[in-house]
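First the structure, in the form of structure tokens, and then the observations on it.
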Amino acid sequence: MFTAAEEEKLQSLFGLNEPTLRLVLSSCCYIFEQAAFSSTGPEPLYDLLLEAGFDESHGKVSFDFVTIYMCSALIFSNLLS
């Protein structure tokens with residue numbers, strides 16, 4: 001997903017060690033893959049993330065990501081099939 005150099009930058013930026021960064025990235029991928037698989041739109045996903053304890057700014061990033069996803073849903077759906 002990321003080059004070694006990009007992973008190092010992410011580790012430094014977020015103050016995470018390699019296993020923790022990989023866990024965070026895997027968790028994000030899982031959340032978005034499940035949203036894509038179940039055709040969850042931006043607003044319901046945003047609400048679910050807030051209910052799960054995300055703060056509004058992190059939920060907003062997810063909302064923006066899912067909005068972009070919905071614009072390219074067919075491409076992502078084909079990749080997941």
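For every other residue with a beta carbon closer than 13 angstrom to the beta carbon of residue 12, add +1 if it is Lys or Arg and -1 if Asp or Glu, then tell me the sum. Each step should come with its number before you reach the end.
Numbers: positive: 9; negative: 6, 7, 8, 18.
Around residue 12, the charge tally is -3.
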Checklist outcome for this item: Note, region 13-24: 3J(HN,Hα) by Karplus (6.51, -1.76, 1.60, θ = phi - 60°), whole Hz, Gly/Pro = x, goes 4, 9, x, 10, 7, 4, x, 5, 4, 4, 5, 5
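Read the figures in this text as sums done on the coordinates, not as results from a lab. A quick note: this is a predicted structure, and the numbers were derived from the prediction, not measured. Cβ coordinates were reconstructed from backbone atoms using ideal geometry, including for glycine residues, and neighbour counts include every protein chain displayed.
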